[in-house]
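The values are calculated or read from the model by the stated rules, or taken from the named source; none is laboratory data. This structure is a prediction, so every number in the text was calculated from the model and none was measured. All Cβ positions, even for glycine, are placed from backbone atoms using ideal geometry, and neighbour counts span all protein chains on display. Ligands, DNA and RNA are stripped out before the accessible areas are found, and what is left, the full protein with its side chains, is counted by its heavy atoms. Shrake-Rupley method; radii C 1.70, N 1.55, O 1.52, S 1.80 Å.
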Amino acid sequence: MTMAQTTAPATGSPSPAPPTSGKDGRASERPLAIRLLARPEVGVFLGAAAVYVFFLIAAPPVRDGDSMATVLYQSSTIGIMALPVALLMIGGEFDLSSGVAVITSALTASMLSYQLTMNVWAGVLVALIVSLAVGFFNGWMVVKTGLPSFLVTLGTFLILQGVNLAVAKLVTGNVATDDISDMAGFGQAQKIFASSFDIGGVQVKITVFYWLAFAALATWVLLRTRYGNWIFAVGGNKESARAVGVPVTFTKISLFMLVGFGAWFVGMHQLFTFNTVQSGEGVGQELIYIAAAVIGGCLLTGGYGSAIGPVFGAFMFGMVNQGIVFAGWNPDWFKAFLGVMLLGAVLINLWVRQSATRRR
């Protein structure tokens, strides 16, 4: 018997073939760049960076610390509201009343405190209750009637707009509320809602810190909690979500109430910054909040988005708003520029999603 015969395998089955580098019909792993682009906040981050660099070159005053603090402040007043609006959009709904709801909360706190000569904190707490009630009403109507949130919140928008103006004129005899800066509790409330901090000789508004803190909290809720899973589930397909035990009614109503909380917070900031409120303001701001969320990667159809994306979206708005001023350009072009930016962001987001999901 030869050596070859003694070392022959005992079985006639062939040995396993070594793995080949050819495709086996399944989708191969996508490159890191494509996987990063699939994140909803990456595209808007690149856009925000581009806008920032552009105005650094086109508007030299932007390089100053005080100017940057102004940009961040402008961004924060948009961003604080854009966060709950974005969560609501991820949940498959959106709120057209959010802009005037800010003024409603400020008017409630101001008129209640002044007309009843109460401590301003009483007005602040009642305004919070009113804002949450408006959010609850919107959510309850959407869930119980099955009407699109566009119609429900459009109705609320018109109601609040009319009530703001009519009640302000009825109570104060004017379209603006009275100055409450000399009332008890004003100093405390101003420190909480409208104070500033000195950082390296630059005055930074407290809203900037609230904005970043709320963004971190919203990100944690979306990515690390059961409630965050519920938001994505009801935004993707509410019937499927309900079938697997997700409390759809609670989730949607609570998201609308979260928008109400954001409206209250921004309303308190405006009140304690300017000491008075114009009843006709707020109209059109809801579109800014929604646009910041859309630019940040949230879909109007729901089920997709992040809390970080709207932060960069709000920063782009603040940067453009103030950058045009610092550059000495005609501010009449501001809204046109924002419209172009919004359409561009939507198209880029569409391309990114299609590229990220396409098989190689």
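Taking the centroid of alpha carbons for each part, region 158-185 and region 113-148 are 16 Å apart. When only alpha carbons of region 207-258 are considered, Rg and Dmax amount to 12.6, 41 Å. Couplings 3J(HN,Hα) for region 317-330, derived from phi with the Karplus relation 6.51 cos²θ - 1.76 cosθ + 1.60 (θ = phi - 60°), are 5, x, 5, 5, 4, 7, x, 4, 5, 5, 7, x, 8, 5 Hz, where x marks Gly and Pro.
Residues whose amide H lies under 5 Å from that of LEU96, counting only those 5 or more places away or on a different chain, are THR153, LEU154; hydrogens are built 1.01 Å from N in the peptide plane.
When the charge dipole of the chain is built from unit charges on Cβ atoms (+1 for Lys and Arg, -1 for Asp and Glu) and taken about the Cα centre, the candidate among SER67, LEU343, ASN321 whose Cα reaches farthest toward its positive end is LEU343. Each residue was assigned an accessible area with a 1.4 Å probe, and for THR225 the value is about 30 Å². Charge dipole (Cα centre; +1 on Lys/Arg Cβ, -1 on Asp/Glu Cβ; no other charges) of the chain amounts to roughly 1480 debye. Only one residue of PHE186, ALA241, LEU287 has its Cα farthest out toward the positive end of the dipole of the chain, where Lys and Arg carry +1 and Asp and Glu -1 on Cβ, and that residue is ALA241.
Calculated [222 nm] ellipticity per residue, helices only, for the chain: -23000 deg cm²/dmol; basis is -39500 (n - 2.57) per DSSP H run with n ≥ 4, divided by all residues, nearest 500.
Counting only protein heavy atoms and using a 1.4 Å probe, the accessible area of GLU93 comes to about 20 Å². Amide hydrogen proximity for LYS205: with H placed 1.01 Å from N in the peptide plane, the residues at 5 or more positions away or on another chain lying under 5 Å are PHE197.
Pick from PHE197, PHE232, PHE157: which residue has the top mean-square fluctuation in a GNM of the chain where Cα pairs under 10 Å get a spring? Checking each option, the largest mean-square fluctuation is seen for PHE197.
A 1.4 Å probe run over the chain, with the rest of the protein chains in place, finds 50 Å² accessible per residue. Over every Cα atom in the chain, the radius of gyration and the widest Cα-Cα span, Dmax, amount to 26.0, 116 Å. Once the convex hull of all Cα atoms in region 173-240 is built, its volume per residue stands at 217 Å³.
For the chain, lysine pairs separated by 8 or more sequence positions, or belonging to different chains, with Cα-Cα distances below 22 Å total 4. Here is the tail figure for region 105-239: Cα pairs spaced more than 27 Å apart come to 43 percent of all pairs.
Region 238-284 and region 326-341 have Cα centres separated by 28 Å. Nonpolar atom fraction for region 273-314, defined as the carbon and sulfur part of the 1.4 Å probe accessible area, stands at 66 percent. Working note: Karplus 6.51/-1.76/1.60 with θ = phi - 60° gives region 135-151 the couplings x, 4, 4, 4, x, 5, 5, 5, 6, 7, 9, x, 6, x, 4, 4, 6 Hz, where Gly and Pro are set to x. The simple Förster model, with R0 at 25 Å and r as the Cβ-Cβ distance, assigns ALA213 and ASP66 a FRET efficiency of 0.65. Measuring nothing but protein heavy atoms, the accessible surface of region 33-145 at 1.4 Å probe radius is 73 percent carbon and sulfur.
How big is the shadow of the Cα convex hull of region 243-292, averaged over all directions, in nm²?
Approximately 5.0 nm², given one-decimal rounding.
The listed residues TRP351, TRP264, TRP121 rank as TRP351, TRP121, TRP264 when sorted by accessible area, largest first, using a 1.4 Å probe.
Coupling constants for region 178-185 follow from the phi torsions by the Karplus curve (6.51 cos²θ - 1.76 cosθ + 1.60, θ = phi - 60°), and in residue order they are 6, 5, 10, 5, 9, 8, 4, x Hz; glycine and proline get x.
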